[in-house]
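Asker: My structure is below; once you've seen it, I'll send some questions.
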Amino acid sequence: ILHLHMSLKNHLNRILLAAIIIVAAFLRFYHFFELPFMWDELSALHRLHFSSFSELIEKGVKPDGHPAGVQVFLYYWVRLFGDAEWVVKLPFNLMGLASIYIFYLITCIWFSEKSGLIAAAFMASLQFFVLYSSIARPYVSGLFLSLMMVYYWSRYMFRIPARKHLIGFIIFAALSAYNHHFSLLFAAMVGFTGLLIIKKNQVKEYVLS
């Protein structure tokens, strides 16, 4: 009976999470093909029209002052798929959607599945997250990359201290650093926080990471 109860509970949680993701997708893709560029996006697109990668860095990245990650991504994305509004915004919107699921997983590790569902519901529906998901700038990408970093960090700290989780933490911490100054600062904060709670037998490889 207990096994059946747990199975039904898990099934219900999956249904609720799916419903939250569907609502989030509706909110983020409502009139998606009609959304115009914001000035910040137009500024970034204006700094993409260069003939080489080195010219992009010199004239497209350095004058702006942000880390190069998003500008480099947009440079290749636009070259491959074009610069229509929905094309440029699409990967950021998808990162905003994926962030909800990653946030759910993190909250399940830290607290419980019920907390994860509540957290996912808030992130799915709050205007702040919906708005920035549709803007092709380093904000929702910073959210996604930072959450991925925290997910792997949490798995390493609180679940199974496998090296694959530590490698995931390293990769997404580096990507966060290349995304924006604030996500770089957050990566540093998470890394140093780990030193306060790390187990003795994990200290060496964690410090090296």
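Asker: Look through G82, G168, G116 and report the one residue that is touching a Cys at 6+ places or on another chain (Cβ under 7 Å) and not polar (S, T, N, Q).
Answerer: G116
Asker: Further question: Taking region 160-189 as the search range and keeping residues that are over 22 Å from V72 (Cβ atoms) and outside any helix (DSSP H, G or I), which one is least open to solvent (accessible area, probe 1.4 Å)?
Answerer: A162
Asker: Under 7 Å between Cβ atoms, which residue pairs at least 6 apart in sequence (or on different chains) link something in region 39-55 that is in a helix (DSSP H, G or I) with a partner that is polar (S, T, N, Q) and open to solvent by less than 50 Å² (accessible area, probe 1.4 Å)?
Answerer: Filtered contacts from region 39-55: A44/Q71.
Asker: Kindly establish whether W86 is open to solvent by 90 Å² or more (accessible area, probe 1.4 Å), closer than 30 Å to A120 by Cα, part of a helix (DSSP H, G or I) and of a type outside the set (K, R).
Answerer: yes
Asker: Determine the pairs where a residue that is within 15 Å of I106 (Cβ to Cβ), located within region 149-167, has a partner that is of a type in the set (K, R) and open to solvent by 60 Å² or more (accessible area, probe 1.4 Å) with Cβ atoms under 7 Å apart, the partner being 6 or more residues away or on another chain.
Answerer: Hits for this filter: H165/R155.
Asker: Sticking with this one: Does L105 meet the test of being in a helix (DSSP H, G or I) and either open to solvent by less than 20 Å² (accessible area, probe 1.4 Å) or within 21 Å of P67 (Cα to Cα) (or both)?
Answerer: Against the criterion (in a helix (DSSP H, G or I) and either open to solvent by less than 20 Å² (accessible area, probe 1.4 Å) or within 21 Å of P67 (Cα to Cα) (or both)), L105 does not qualify.
Asker: Evaluate the following for I15: is it open to solvent by 50 Å² or more (accessible area, probe 1.4 Å), under 30 Å from K114 (Cα atoms) and of a type in the set (A, V, I, L, M)?
Answerer: Judged against the criteria, I15 is a match.
Asker: Can you say whether V78 is touching a Leu at 6+ places or on another chain (Cβ under 9 Å), among the β-branched types (V, I, T) and either at pLDDT 95 or above or assigned to a helix (DSSP H, G or I) (or both), as far as the supplied structure shows? Break it down into steps so the answer makes sense when it comes.
Answerer: Details: touching a Leu at 6+ places or on another chain (Cβ under 9 Å): yes; among the β-branched types (V, I, T): yes; either at pLDDT 95 or above or assigned to a helix (DSSP H, G or I) (or both): yes.
Yes, satisfied.
The values are calculated or read from the model by the stated rules, or taken from the named source; none is laboratory data. All values derive from a computational prediction rather than experimental measurement. FYI the Cβ positions are ideal-geometry reconstructions off the backbone, even for glycines, and counts take in every protein chain you see. The accessibility values were calculated without ligands, DNA or RNA, using every heavy atom of the protein model including side chains. Shrake-Rupley method; radii C 1.70, N 1.55, O 1.52, S 1.80 Å.
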